[in-house]
Structure formats: C-alpha cells, structure tokens
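This report refers to the structure that appears directly beneath it.
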Amino acid sequence: MIGFYTFMEGVIAFFLIAGGLFAFIGALGMTHLKDFYMRLHGPTKTSTLGVGCVLIASACYFSLVDGGFNVQELLITIFLFITAPVSAHLLAKSALHQKLPHDPRTQGHPEELDEEEENPKPQQRSITPPPS
C-alpha cells in the first residue's frame, strides 16, 4: 500500500512538472509567434498556469512539511490569476491605441486599426454670443 507521504510527493512532482512544461510552452510562444498580439498569449495564458502549478505544489509541500495549511501561496495564486488577465487586457488595449502593426495571420480585424480613421477631421463648433 502506498503511504500518504509517497502519494503527496507524487502529486507535488506532478504539479512541478506541469508548471515547468506550461512555463516552457509560454516561453516558446513568446519567441516563435510573429507579432505583439500573438505573443501576448504566451505569457498570459500558459505562463500563468505554469506559475500557478508551481505555487500549488509549493503550498502542498509546505502544508505537508509544516503540518498546517499555508495561506501565503494560495493568496499569491489567487492574485496571479486575477491580475494576469487584467494586465493582458491593458497591454492589448494599449497596442490597439498605438496602432501596432499586426501579422495577417492574426484572426479578426479590430476597427481601431482601420486606416481611414487615422486622421479624423475635427468638428467645427460655432460660438454664439450669449443673448443680451
């Protein structure tokens, strides 16, 4: 019969290996994808899962060694999963605002990148004097 500690070591090893694989895939996506919009998916999706798996493994290990539940790793994991999508959204909106060029293979065409809206004409406002 497999002991509890042996089983937990297997679970911790699984999360560490999965975290390392996710982080590696995220790094590959960062280096191999062509434009900013494609590269944004590497660190925001897979690297977040990689760091999350490593933090879950750390929480399991220290709760097993110390004999009690450790809240710090759980709070860091929750903070990571909340802030990573928000920062990716802000980076994407900033890139759209800067009108960064995109690769033709990028799916979808945001209206922010249209050429005809590049120099909009300012609207003329007539100033009328107040009635006397």
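The values are calculated or read from the model by the stated rules, or taken from the named source; none is laboratory data. No experiment lies behind these values; they were computed from the predicted model shown. All Cβ positions, even for glycine, are placed from backbone atoms using ideal geometry, and neighbour counts span all protein chains on display. Areas reflect the complete protein model, heavy atoms only, side chains present, ligands, DNA and RNA absent. Shrake-Rupley method; radii C 1.70, N 1.55, O 1.52, S 1.80 Å.
So how tilted is helix 4-32 from the main axis of the chain? Cα-based, degrees 0 to 90, rounded to 10.
30
What percentages, rounded to whole numbers, describe P(r) for segment 24-115 computed over all alpha carbon pairs with 10 Å bin width beginning at zero?
Histogram of Cα-Cα distances, whole percents per bin: 15, 35, 26, 15, 7, 2, 0.
Which of Pro85, Pro101, Pro110 ends up with the largest GNM mean-square fluctuation for the chain, with Cα atoms connected below 10 Å?
Residue with maximal mean-square fluctuation among Pro85, Pro101, Pro110: Pro110.
How much of the accessible area of the chain, probe 1.4 Å, is carbon plus sulfur, in whole percent?
Details: 6850 of 10220 Å².
Result for the chain: 67 percent of the exposed heavy-atom area is carbon or sulfur.
Can you give the accessible area per residue of the chain, in Å², using a 1.4 Å probe? Mind showing how you got there, number by number?
On the way: 10220 Å² over 132 residues.
Computed with neighbouring chains in place, this is 77 Å² per residue.
For Gln107 and Val65, FRET efficiency with R0 = 30 Å and r from the beta-carbon atoms, rounded to 0.05?
That pair, Val65 with Gln107, gives E of 0.05.
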